[in-house]
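Quick note: the coordinates plus some simple rules give every number you see, no bench work behind them. Being a predicted model, the structure only gives us computed values, none of them experimental. We place every Cβ from the backbone using ideal geometry, glycine too, and count neighbours over all the protein chains shown.
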Amino acid sequence: MPKLKEPFILGFSDSVHDRSVCIFKGNQPLIGIEEERLTRVKHGLSFYGESRHNPSAFANMNLENSSAEDNTRRLTPAIDYCLTALGLNISDMDLVIGNSLHVGFPFRDRAIYINHHLAHASSAFFSSGFQDAAILIADGYGDITEAQTYETVVLGKGADNQIHFFNTVCGKVTNYYDMQNSIGVFYRIGTLLSGFGILDEGKAMGLSSYGTPRFYELIRRHIVFNKDSVLINNKAIWDVLSIKVRNIDNFNDRADVASTFQILLQEIILHYADILYEKSGSKNLCIAGGVGLNCVSNASLLKKSKFEQVFIFPAAGDNGISFGSGYYAAHQIFQLPRTQQLKHAYFGRIYSGDEIEDCLLNTPGNFKFKRQDLDLQATEAARLLSENNIIMWFQEGSELGPRALGHRSILANPGDIANKDYINSNVKFRELFRPLAPMILEEFASTYFDCSALSPFMLFSPPVREITTKVAPAIVHCDNSARLQTLSLEANPLLHKVITAFYQITGIPILLNTSFNGKDEPIVETPQQGLNAFLKSPVEYLFMDNYKITKHSKNE
């Protein structure tokens, strides 16, 4: 009997921010890209002249206010990127599917549209490898249910090829910053009142560890923990606290605001986890939605909840909607069998040696380069790192999601605590309180971190063990935690060789890892972007696939 043709599926995410496109062949994702990597605008979000610190800014960025032509223009480059990388045309796609909170899309007449939170749920559950799991979706908001009312939190369960929602929490909104019952908007309020801008939640998370939750009672009185939901009066929280902290601008006070919202976020998520554990009857939990990127909350959940395993899709925000749509099509529409748990998030296109060399030959600058074997690349990178050099690392296809996972990374020796401040100040040009992440060979994870699970997508911040503070102080945050990435040989053989060689030299199976990008820029995508960022930085070494690039100031 002839084998049936595996369908090509194009998935898309057409939200206000973090749009993306991917292509599946059957039940396997082949390629995916986020809009920001191509436009070089973080989150693909233009503020149309509004301040990022204006809580009402989203009102002017709402999708209903943008034209179909504008939305088509924004998605087209990502669609072309994916099709071109695979040598396909749109006519080769058997199905186009995604989520859109509006109607502007170039294939509107042929596309299938699914619920926003269903797409989130599909991204997490169908990539988890779990045969059954409770599902928690928490973000800013999803589909509209009636006038000025949107879905905010969804609780459900996945089993085999099916996903069932048994509770959807909704909330009313008037100004797009007072969405009731929204966990994402709740944390956005905390981010704004901590002195950051919209979509700077990661900064608020990092700052929270420096403070104490002294505003806890003031905020807690506007949150009701029920047996099946958490009701959050975000309007009251904003009204009360914005007056209270209006003139706060010193570091300690800002940290106290961030700490308060972080602690309450963890309590809210844990309450929902307890509800899910009782209702689902599963020992596994899947999480998606932008709140799933809060690795401090995730670590707390893993430690305190009754669930034995927690899986979070690496692009938990709206950039994961395209993959969720693809997974939904594969397993619900085409009824294809489930696959094993997602092992990596490297879904960008791979640039050829000719493309890289052409970039190097045609870019003026104070550098030299040579092509060499990848085994030698790994050995040289490990040696340079052991000698306390910082290197930029560009390998094959880029990562999906906001975390650099070893294909677009800046790497350093974690044993020198001075590297943390130097990289923040002189390489990344960002706040000194921002933590830098450890990348560890997964077989050593429990030796250096108090963790009960692997963390391949840098989505958990477990406590560090005493040995880690001694041998790798540059990756230890002020609260003795670290935003951990565990690296397997299967996921990234080349970088595994680098860390193994570094371990053989230093006795430390850990590298300091941060994202390869310039100030206020997305992670680099192309060789040209990587080379440009390198040349503008004080870093002396760039490894780009088979090429070692060195500035002329180094005699190598």
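The table below gives the values:
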| read-out | value |
| --- | --- |
| Percent RCO, i.e. relative contact order, over segment 353-551, from Cα pairs under 8 Å lying at least 6 residues apart | 34 percent |
| Label zone at Asn226, where the point sits 7 Å out along the Cα-to-Cβ direction: segment 269-283 residues whose backbone N lies under 14 Å | 272 |
| Reach of Lys370 by Cα under 19 Å, taken over aspartates and glutamates that are not fewer than 8 positions away in the same chain | Asp354, Glu355, Glu357, Asp358, Glu380, Glu396, Glu540, Asp545, Glu556 |
| Distance (nanometres) between label positions extended 7 Å along Cα→Cβ at Phe369 and Ile243 | 6.0 nm |
| Listed residue pairs exceeding 22 Å between alpha carbons, taken from Lys172/Lys306; Lys172/Lys304; Lys42/Lys203 | Lys172/Lys306; Lys172/Lys304 |
| Share, in percent, of DSSP beta bridges within segment 353-551 that are antiparallel, nearest 5 | 75 percent |
| Mean Cβ neighbour count within 10 Å, used as a protection proxy, ranking 217-223, 271-277 highest first | 271-277, 217-223 |
| Segment Glu308-Lys519, length gained on full extension (0.36 nm per residue, minus Cα span) | 72.1 nm |
| Inter-label distance, nm, simple model (7 Å from Cα along the C-beta direction), Ser46/Ala236 | 4.0 nm |
| For segment 173-204 versus segment 20-52, the gap between their alpha-carbon centres in whole angstrom | 21 Å |
| Cα gyration tensor shape for segment 383-515, rounded if a/c is under 1.5, else prolate or oblate | rounded |
| Packing-based order for 180-187, 235-242, using average beta carbon neighbours within 10 Å, highest first | 180-187, 235-242 |
| Percent of beta bridges antiparallel (DSSP, segment 8-333, rounded to nearest 5) | 70 percent |
| Three-way shape label, segment 8-333, alpha-carbon gyration tensor, a/c 1.5 | oblate |
| 19 Å Cα-Cα reach of Lys244 towards lysines, excluding residues that sit fewer than 8 places from it in its own chain | Lys235 |
| Span-rule helices in the chain, defined as complete DSSP H runs reaching 24 Å or more along the axis (Cα) with Kyte mean at least -0.5 | 68-86, 251-280 |
| Distance in nm between pseudo-label sites at Asn89 and Arg465 (7 Å out along the Cβ direction from Cα) | 5.8 nm |
| Peptides 205-212, 491-498 ordered by average Cβ neighbours within 10 Å, highest first | 205-212, 491-498 |
| Set of segment 502-542 residues, backbone N closer than 14 Å to the point 7 Å along the Cα-Cβ line of Glu387 | 540-542 |
| Residue-averaged 222 nm ellipticity for the chain, from DSSP H runs of 4+ at -39500 (n - 2.57), nearest 500 | -10000 deg cm²/dmol |
